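Below is one structure, written out as structure tokens; comments come after it.
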Amino acid sequence: MKKTIKVNRQKALDQFGILFKVLITVILSAIIFFSLMIRISSDKYEIKVGEVASETIKATKDIVDRITTEELRSQARASVSEVYILDKTIVGSVKTAIAGYTDTIRSLAKYAKTFKQAGNTYDEKFFREQREELGLQASDDVLVYIFDTLDLEKELPAVISQISANVEKEMNAAIMDKDLEEAKSGIFLAVQINLLNVTSSEMIELARLIINKTVRADFLLDQNATEAARQAAADEVADVKYIKGQIIITEGQVVTPTQFEVVKELGLVKGTASDAWLKGGFAAFSLVIGAIMFLYLFTCEKALFASMKKFAIIMAVTAISFIVDVLISYVSIWLMPVVYAALILTMVANMKTANVVNVLLSAGAGIIAYFASDEIVAAALIITISYIVCGGFTSYLMKNSLQRYKILFAGLVGAAAALIVTAALTLIFTSSLEGSWMRLLLMMGAVMLAAVLAIGTLPIWELLFKIYTPIRLLELANHNNVLLQKLLREAPGSYHHSLLVANIAESCAEAVGADVLLTRVGAYFHDVGKVRAPRFFKENQVGENPHDKLTPEASAKVITSHTVEGAALAKKNGLPEAIQRIILEHHGTMPALYFYQQAKMLYGEETVNLEDYQYAGPTPSSKESAIIMLADASEAAVRAATDHGDENIREIIRGIIEKRKELKQFDNCDLSFKDLRVIEDVLVNTMNRLYHERIEYPPEISPAASIEEKEKE
């Protein structure tokens, strides 16, 4: 039942932890979003068409003036004349239609003659029917002339021939729709002149009717060719562009609709739809940054993800770094200390995580540069690529670095890389370094600024999140440390015991993949609590044993309290929490067995409570604490033993390990049975080297005797 409750509680804590990390990620995304919006919104303007601009507005990127461009293209289209083509087939069809009237007229004349011979007279109905057959609105006089007078063999062919010849001549010269009536009049005039002395007025009128009926335009509008020509003219008109940095509206100028649309499309007008789209883009970018970091840590860096402090500091460093980049961009986009995060995270997390964050922040810096500057168009891309490369250099140089001055060294190398990469990219994009020297110097300064900020703020991060870095641990390993000096002066035996334990534990940590530096430094401080009552610990005693005057309970209380008092001293002196935990946990909840056994002999086993003689704990929560527990107990036990033979040392150490397994001291750390076997072997080998048997010198050849003999001589 208790186990079930414990499992359920752990699940609840895990779920809460993940939700809290999601919240932290959302906060990071929000910080990035609002930082971008604040940076960009500072360049937005309240302008209206027809009002006077209160300040000069420049293009934040290359943009096409669509209205002006479209107006110019419309003008170009309108300037192109319509395209016409001469359709030579039309003149042939017109001549055929004209020639067809010869047969029609002869047919009408023949019918009229038959009609009249039958004793009929021409009446209105007859004329109407013949007009319909002829297809022309000929007058009665013209029809009567055709029926009774027209010479069908000579006069009619002559008239039709004149019409056809003049039509062909005029149509070959091309007739447009708009000139058709004029062309018909011209053809009729020519026919009239040629027939004036050849035929009657009725036939001339008939010629006019035939011309008006048959003649068509043959110089026709080609819609496709016209549209193609106009489109070609429009395509030749280049886009009217505002280049990044070019003035769109000058202060004091009345804002035109065209200028307003350009500024609006740039997203520089407050409260417009384009402004909303820009916000949406920034929101999406910010969420993607947060999601990438969360998923990367969750899938690729499980140890960092599992640690709430490490997760929080990674997100916090990213957020602060982005804010600083935004603020510095007001001075110059080339001075943003983007690689600051890479430097810090290499030390507090690892190089891979530092590089992932650096790439994301470099992308953010590119966006800031794109919107915040009117310099060269490729500035955003140059900045992004340069910071990715420089961040990679600096994080690699900081890998496994144990001195703070290495940060400055990494900054110098990174600055050199920034100079080379920025110069190379500038040449690629602009083909010249003219006017670029200030940018190059600023990029170098940005990397150096990041290094200086990293040196100055690293202790703050360590203090705020109570974490340690290799640099911090190495500083604590200095034997001039105040607490270590206090231990040396007031409890010299415990001090030297701690040095031995540190060497032993370091070998064990290296063998099982634990944090070697943390193990060594933790071992230095594990017994620092003994400075409160140094003479109560055997290694510091000379002469009288103060425990002889105390009850077993009192002695046990003095002995077991050194872990709690040591942790309090560590906290007071600003040691990392990891060191404080080692001090508290290095005895776990083990009992002070000597005094417990003494109490049982004095008071009887049934009256003695084991808990009164136990250390406060907790049990080790890390490999490092467990290793120091075993190294501490093993060193003390082997040193106290009289038999330092291999078998006896192994038996002592195995007994220590088994006793702690029996009392569940390793239940809360991730030491495996395999790790314990490896640690046992390392402890045995190390102890054999430390406490090996020495050759006993005979008196006559002992080193001391030899020295005395030489002095006498």
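Considering Cα pairs under 8 angstrom that are at least six residues apart, work out the relative contact order of the stretch 136-221 and quote it in whole percent. Let's see the in-between values first.
Working: 68 pairs, mean separation 38.6, N = 86.
Averaging sequence separation for qualifying contacts and normalising by length gives 45 percent for the stretch 136-221.
Per residue, the accessible area of the chain comes to 51 Å² when a 1.4 Å probe rolls over the protein heavy atoms.
Which residue, chosen from Q223, G513, V452, occupies the Cα position most advanced towards the positive end of the dipole of the chain, where the dipole is computed from +1 (Lys, Arg) and -1 (Asp, Glu) charges on Cβ about the Cα centre? So the residue we want is G513.
Note down the net charge around L427, summing +1 for each Lys or Arg and -1 for each Asp or Glu among other residues with Cβ under 15 Å from its Cβ.
Numbers: positive: R439; negative: E434.
Here the charged neighbours net out to 0.
The charge dipole of the stretch 304-425, taken about its Cα centre with unit charges on the Cβ of Lys, Arg, Asp and Glu (plus for the first two, minus for the last two), comes to roughly 640 debye.
Answer rounded, prolate or oblate for the stretch 544-661, using the Cα gyration tensor with square roots of eigenvalues a ≥ b ≥ c: rounded when a/c is under 1.5, else prolate when a/b is larger than b/c, else oblate. Can you show the working numbers first?
On the way: a/c = 1.74, a/b = 1.11, b/c = 1.57.
In terms of gyration-tensor shape, oblate.
Using +1 at the C-beta of Lys and Arg and -1 at the C-beta of Asp and Glu, which of I420, I160, V262 has the Cα lying farthest in the positive direction of the dipole of the chain? Value: I420.
Global size of the stretch 309-429: 13.8, 44 Å for Rg and Dmax (C-alpha atoms, Rg to one decimal, Dmax whole).
The length gained on full extension between E611 and Q117, counted as 0.36 nm times the residue separation minus their Cα-Cα distance, comes to 162.5 nm. Report the local net charge at M347: Lys and Arg +1, Asp and Glu -1, summed over other residues whose C-beta lies under 10 Å from its C-beta. Net of charged neighbours comes to +3. Relative to the longest principal axis of the Cα atoms of the chain, the long axis of helix 552-572 lies at roughly 40 degrees. Compare the Cα positions of P534, P591, G522 along the charge dipole of the stretch 512-594 (+1 at Cβ of Lys, Arg; -1 at Cβ of Asp, Glu; about the Cα centre) and return the one farthest towards the positive end. Looking along the dipole axis, the top candidate is P534. Under the convention that each Lys and Arg Cβ holds +1 and each Asp and Glu Cβ holds -1, the size of the dipole of the chain around its Cα centre is about 2240 debye. At an R0 of 35 angstrom, the distance between the Cβ atoms of D646 and M601 translates into a FRET efficiency of 0.60.
How big, on average over all directions, is the shadow cast by the Cα convex hull of the stretch 406-535, in nm²? Spell out each step's value before the answer.
Numbers: hull surface 46.0 nm².
Over all viewing directions, the stretch 406-535 projects a mean Cα-hull area of 11.5 nm².
Given the chain, what percent of its DSSP beta bridges are antiparallel, to the nearest 5? Counting only bridges with both partners in the chain, antiparallel ones make up about 90 percent. Here the chain has 58 percent of its accessible surface on carbon and sulfur atoms, given a 1.4 Å probe and all protein chains in place. Distance from the alpha carbon centroid of the stretch 384-429 to that of the stretch 105-181 works out to 101 angstrom. Evaluated over the Cα positions of the chain, the convex hull gives a direction-averaged projected area, one quarter of its surface, of 66.2 nm². At full extension, K557 and K48 could sit 175.1 nm farther apart than now, given 0.36 nm per residue minus the alpha carbon distance.
For the chain, the longest principal axis of the C-alpha atoms and the axis of helix 379-398 are separated by about 20°. Taking the Cα atoms only, what angle lies between the long axis of helix 623-640 and the longest principal axis of the chain, rounded to 10 degrees? Taking Cα atoms only, the helix is inclined about 20 degrees.
The values are calculated or read from the model by the stated rules, or taken from the named source; none is laboratory data. Note that the structure is a prediction, hence the values are computed from the model and not measured. Heads up, the Cβs are rebuilt from the backbone with ideal geometry, glycines too, and the neighbour counts pull from every protein chain shown. Surface accessibility is based on the protein's heavy atoms, side chains included, excluding ligands, DNA and RNA. Shrake-Rupley method; radii C 1.70, N 1.55, O 1.52, S 1.80 Å.
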